[in-house]
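Notes for the one structure printed next.
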Amino acid sequence: MTYEPSTMNTIRSHFPILSQTVNGKPLVYFDNGATAQKPQVVIDAINELHSSLNGNIHRGIHYMAEQCTERYEAARETVRAYINAAKSHEVIFTAGTTAGINLVAFSFGEKYVTAGDEIITTEMEHHSNVVPWQMLCNRKGATLKVLPFADSGELRVDLLSSLISPKTKLVTVTQISNVLGTINPIAEIVKIAHARHIPVLVDGAQGAQHGGVDVQQTGCDFYVFSGHKIYGPTGIGVLYAKEKLLEEMPPYQGGGDMVKTVSFAKTTYADLPYKFEAGTANYIGAIGLGAAISFINSLNKKELRKQEQTLLQHATAQLRAIDGINIYGNASNKAGLVSFSMERIHHLDVAQILDKLGVAVRSGTLCAEPVMQHYGLTGMVRASFAFYNTIEEINVWVEGLKRVKSMM
Ligand code: PLP
């Protein structure tokens, strides 16, 4: 199947949820940054497994268990190819971005971080890429340092070198800010950190949705993302890490499937990737994620990016034309989302009125309180676009904002 931008209905017809009405109005779904909708092929893949093929992986030798195992490992290979990892055992299935970061913060932290060490994060991170590092630093007596961003929304990469010290153990950074939309220069950040022999974790929660990654090209040491943000199911995600690091890091959780032998005297751990996949994995989620990636792969990626940029430019121009709206994040390299505030109108009121008009947007701190603090705000409104959104939907949303303004 190939995507033709001239026929938006073709792409939208793959997503059954988009054709419904909400509050009596046609749904306009602009909360793709929180979670993206699922194409029918993903829904079908999950339904098929639940209705006719469910068997626990890596255990049974019966038909269904073997089928699920085969498909689970095929999904791992699909993910490997999607992010261009060198080896499929560098792909660990997790519950999502948050789970992946916590895994690294615990396991990498156990191995490498001691009192007095430093971890560098940035001011534009989602809480998921702040709190696990704070917890690690509290546990170990280490310090969390913060690379700031400029008011424009651009990360101050120029300051990174001076923030790195002989005590720095890791740099962790988002590929794309979920508030500002900024697409960070990951390869450049990796280059700066690697020049000082410091590994880099990239939070790809938004990046995997807007353009993806080539982990070998960027050179990052860890890359994490969530299935539900790239048109796959919830409860599944991926941690990519370089083989050498995974070999050296201790397991995060113990249990079934992550062991070779167990006795009360001694337990030996399974090889990669299973060492980091304790317990029954979310194999149905992983297979669903594989289906989502295959769906994305069947589309024309260039056209998808173009559509998202068209939507971003149209949305930005429309917002700028309304008095009293402030946009946050004006980086020159920006993904398809716009966060803004309306003067003298609370962000929750904006989102609530839009909801009555069938328009779903996000409001609040966007799980990034430090970004709110940067601008002295308690919250923002965010519209985040996917390739299945349309210019007409943006116009409906903008009319809604004008209505909010006149009502309030
Ligand atoms: N990082 C970023 C940049 C995000 O946008 C999000 C979710 O919005 C997360 C991390 C957390 O993702 P999840 O809740 O799927 O673990």
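The values are calculated or read from the model by the stated rules, or taken from the named source; none is laboratory data. Computed from a prediction, not measured in an experiment: that's the story for all the values here. Note that each Cβ is placed from the backbone with ideal geometry, even for glycine, and that neighbours are counted across all protein chains shown. The accessibility values were calculated without ligands, DNA or RNA, using every heavy atom of the protein model including side chains. Shrake-Rupley method; radii C 1.70, N 1.55, O 1.52, S 1.80 Å.
So here's what we get for this one:
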item: Filter pass, I92 being open to solvent by 60 Å² or more (accessible area, probe 1.4 Å), outside any helix (DSSP H, G or I) and not hydroxyl-bearing (S, T, Y); result: no
item: V361 vs. criteria outside the structural domain of V130 (by TED's automatic domain parsing), open to solvent by less than 60 Å² (accessible area, probe 1.4 Å), touching a Leu at 6+ places or on another chain (Cβ under 6 Å) and of a type in the set (V, I, T); result: yes
item: Residues of the range 251-284 that turn out to be at positive phi and surrounded by 12 or more Cβ atoms within 10 Å (Cβ to Cβ), as a count; result: 1
item: Selection count, the range 95-132, where residues are more than 16 Å from the ligand (Cβ to nearest atom), assigned to a helix (DSSP H, G or I) and either at positive phi or not aromatic (F, W, Y) (or both); result: 4
item: Which listed residue is among the polar types (S, T, N, Q) and open to solvent by 70 Å² or more (accessible area, probe 1.4 Å), from N333, N326; result: N333
item: Total residues in the range 141-196, condition of a type in the set (D, E) and part of a loop (DSSP other than H, G, I, E, B); result: 2
item: V104 vs. criteria out of contact with any Ser or Thr (no Cβ under 7 Å at 6 or more places or on another chain) and of a type in the set (V, I, T); result: yes
item: Among (1) over 21 Å from H127 (Cβ atoms); (2) free of Cβ contacts under 8 Å to residues at least 12 places away in the same chain, the one test that V350 misses; result: (2)
